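Written below as structure tokens is the structure these notes are about.
The values are calculated or read from the model by the stated rules, or taken from the named source; none is laboratory data. Given the structure is predicted, the values throughout are model-derived calculations rather than measurements. Here the Cβ positions follow ideal geometry from the backbone for every residue, glycine too, while neighbour counts run over all protein chains shown. The protein model used for the area step is the full one, side chains on, heavy atoms only, and it has no ligands, DNA or RNA in it. Shrake-Rupley method; radii C 1.70, N 1.55, O 1.52, S 1.80 Å.
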Amino acid sequence: MSLGGGSHAFGDSARSVRELRTPAGHGSVLIDPPAHRAAEVLAINRQRLNVSVRVAGQPLADLRCQARAELLAAAATATRAYSDAQPVLQDAPLFVAGHQPGLFHPGVWFKNFVLDAVAHAQGGTGVNLQIDGDTIKAASVRVPVGGVDEPRVETVEFDAAAAEMPWEERPVIDAECLASFAPRATAAIADFVREPVVGELWPRVLARLRDASGAARLGSCLATGRHRLERDWGLKTLEVAHSDTLQLPTSRLFLADLMLRAEEFRAAHNEALAEYRRRYHVRSANHPVSELAAESDWLETPLWVWTAQRPQRRRLFVRATGDRLWLADRTGWQEAISTSQGLAGVAAGLADLEAAGIKVRTRALLTTLLARLLWADAFIHGIGGGKYDRLTDRLIERFYGVEPPEFFVATATWQLPLARPLTAAAELQAIDQQLRELTYHPERWLTTKQLESAAAAIVPALIAEKQRWLDRAVTRANARQRCHAIRRLNESLQPAIVARRAELHAARGAIERGLRAAAVLGSREYAYCLFPIAEIRHFLLEMSRASA
């Protein structure tokens with residue numbers, strides 16, 4: 001079966017990392033492959049995942065069946081805590097997407113709408129994972145202010161600053177700051193936007209805080225508020241925190257299996273990474289991820305670990321000795337799990353660690369690997385994830401012996417409704433070329449009026465002398481003298497073109513200001529909550545539904 005145009009089989013040969021480009025124009029979208037070909041993707045993935053391989057000691061088909069049932073039950077339970085959710089069909093197509101629970105830009109939000117539209121078109125279910133193992137770096141959004149001519153960006157906080165930690169651990173520190181965010185953000189964006197999304201979003205965010213008696217995590221408040229708004233707009237997706245999905249029995253078995261096979265996984269990971277870098281000409285030792293290390297007999301895994309007392313992510317290493325599997329962060333913390341009961345015993349040991357406040361979480365690569373291999377009939381990435389997950393493809397094939405299931409990439413460009421200056425960078429290049437001409441060929445820019453003025457009486461003589469030097473053949477004997485003479489004559493002609501140089505510098509300054517303003521006002525990276533609610537709602541719903 002093939003997708004896409006021409007005779008290319010759908011897959012890595014037809015869609016390379018370099019072909020994934022952020023849509024450039026306002027209102028443009030990228031869905032790759034086209035969403036209306038979802039049935040073909042599902043058929044391809046069913047075929048690829050219907051293989052006689054064993055994962056975590058079980059046939060993959062059996063493990064997937066159990067894992068999907070667990071995920072759907074967890075997502076339905078989480079969603080029903082704040083919204084009516086219809087019963088889910090276990091055998092219907094399951095589409096999965098995910099992102100951290102922050103105030104991301106509209107291109108990321110578009111993915112949620114595509115998830116709903118594609119799932120609905122295929123009679124299936126869409127589940128969005130709140131990737132709360134990612135780190136929150138700032139509890140604020142950037143807002144353009146200051147008018148069209150001289151815009152600048154200001155920061156508006158929605159919570160007090162805190163040490164860097166995973167979203168899962170980040171509490172609401174300043175409830176008053178969170179409560180007052182909507183009016184402050186609305187006021188900040190008021191010169192450009194009336195009725196931003198934040199006006200409808202924020203009461204739902206604060207409702208989550210109230211429902212939890214003030215004890216809800218910040219990410220949970222933001223994600224639940226957004227999902228409530230989406231469901232009020234007609235979306236039927238389910239949501240669940242990724243940290244909760246890692247407590248499911250099949251997830252723990254999956255992680256236990258990986259830990260017990262850490263040496264084999266590390267080799268497959270590093271080989272796949274080397275192949276990826278060769279293919280896509282990547283020279284960085286940290287892109288898209290770093291190699292998994294070996295320190296003495298400790299083996300690095302694609303996992304994070306942290307504790308309730310120290311909620312900062314650290315790399316997780318493992319070491320097998322006798323009937324114990326040791327876990328460590330190589331900075332002082334370590335724990336042991338008994339391996340005497342095999343996979344089930346290690347999975348139970350992970351549950352015991354969780355109960356003791358020790359969190360073991362997947363890194364990005366393993367997060368999507370688990371979702372694509374165990375849960376999803378098709379996964380929907382953003383453009384960044386779509387690029388790095390070609391490495392996941394190779395890892396699925398090398399380590400698990402499965403032809404990697406295909407995935408979608410979905411994103412959009414939606415800009416604030418601002419009167420952006422029409423300034424072309426080409427104009428700046430033309431002016432820079434003229435300024436260079438004024439330095440090295442000033443005579444070309446002298447007007448007849450300038451040449452005839454009394455102040456410029458000496459100019460014709462200087463031009464004639466320069467021409468004589470230009471006409472003289474360059475030899476080893478005269479090269480130095482000729483160069484110095486032409487440079488001196490060019491400098492002598494500069495007073496005659498002062499006015500022209502000043503005009504060009506003034507024009508250049510205006511263009512630079514226009515380009516800076518256009519960059520500020522035309523960014524696609526502003527938080528979705530700042531956009532006018534009527535326009536962005538129409539765009540997201542119409543474009544996602546039309547595509548499916």
Can you give me the angle between helix 459-471 and the longest principal axis of the chain, using Cα atoms only, in degrees from 0 to 90, rounded to the nearest 10?
70 degrees
How big is the C-alpha Rg of region 224-372 next to the rule-of-thumb value 2.2 N^0.38 Å, as a ratio?
1.18
Taking R0 as 60 Å, what's the FRET efficiency between ARG80 and LEU515 from their Cβ-Cβ distance, rounded to 0.05?
0.75
Starting from the amide H of GLN100, placed 1.01 Å from N in the peptide plane, find each other amide H under 5 Å away whose residue is 5 or more places distant or on another chain.
ILE131
Using alpha carbon centroids, what distance separates region 62-81 and region 361-379, in Å?
14 Å
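How large is the dipole of the chain about the Cα centre if only Lys and Arg carry +1 and Asp and Glu carry -1, each at its Cβ, rounded to the nearest 20 debye?
That gives the chain a dipole magnitude of about 1880 debye.
Using Cα pairs under 8 angstrom and six or more residues apart, how large is the relative contact order of region 129-236, in percent?
Values: 141 pairs, mean separation 25.6, N = 108.
After rounding, I find 24 percent.
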Counting only protein heavy atoms with a 1.4 Å probe and every protein chain in place, the carbon and sulfur fraction of the accessible surface of region 242-336 in whole percent equals 44 percent
In degrees between 0 and 90, to the nearest 10, how far off the longest principal axis of the chain does helix 249-260 point, with axes built from Cα atoms?
70 degrees
Restricting to Cα pairs below 8 Å that are 6+ residues apart, what does the relative contact order work out to for region 210-346? Please round to a whole percent.
14 percent
Rounded to the nearest whole Å², what accessible area per residue is found for region 147-300 with the 1.4 Å probe?
44 Å²
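Output the relative contact order of the chain, whole-number percent, from Cα pairs under 8 angstrom with separation of 6+ residues. Before the final figure, lay out the partial values.
On the way: 860 pairs, mean separation 127.9, N = 548.
Contact order relative to length: 23 percent.
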Sparse-neighbourhood loop hits (trypsin sites (Lys or Arg not before Pro), region 100-176; DSSP loop; Cβ within 10 Å at most 16 others) -> LYS137
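With a 1.4 Å probe and all protein chains in place, put GLU263, GLU275 in order of accessible area, largest first.
Correct descending sequence by accessible area is GLU263, GLU275.
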Whole angstrom only: what separates the Cα centroid of region 342-356 from the Cα centroid of region 21-54?
35 Å
With each label point set 7 Å from Cα along the Cα-Cβ vector, what nm distance links TRP326 and ALA161?
3.9 nm
Student exercise, region 124-261 dipole from Lys, Arg, Asp, Glu Cβ charges, in Debye to nearest 20:
400 debye
Suppose we keep just the DSSP beta bridges with both residues in the chain; what percent of those would be antiparallel, to 5?
70 percent
Work out, step by step, the length gained on full extension between ALA274 and SER492: first 0.36 nm times the residue separation, then minus their alpha carbon distance; give nm to one decimal.
72.5 nm
Going by Cα centres, region 227-272 and region 124-157 are how many Å apart?
25 Å
Kindly express, to the nearest 10 degrees and within the range 0 to 90, the angle between helix 383-400's C-alpha long axis and the longest C-alpha principal axis of the chain.
40 degrees
Per-residue HN-Hα couplings for region 271-286 [Karplus 6.51, -1.76, 1.60; θ = phi - 60°; Hz; x = Gly/Pro]
5, 5, 5, 4, 5, 4, 5, 5, 5, 9, 6, 8, 9, 5, 6, 10
Asserting the computed 222 nm helical MRE of the chain (DSSP H runs at least 4 long, -39500 (n - 2.57) per run, divided by residue count, to nearest 500) equals -14500 deg cm²/dmol
May I have the count of lysine pairs in the chain with C-alpha atoms under 21 Å apart, counting pairs 8 or more residues apart or located on different chains?
4
Quick one: Karplus J couplings for region 433-440, per residue in order, coefficients 6.51, -1.76, 1.60, θ = phi - 60°, nearest Hz, x for Gly and Pro?
5, 5, 5, 5, 4, 4, 6, 9
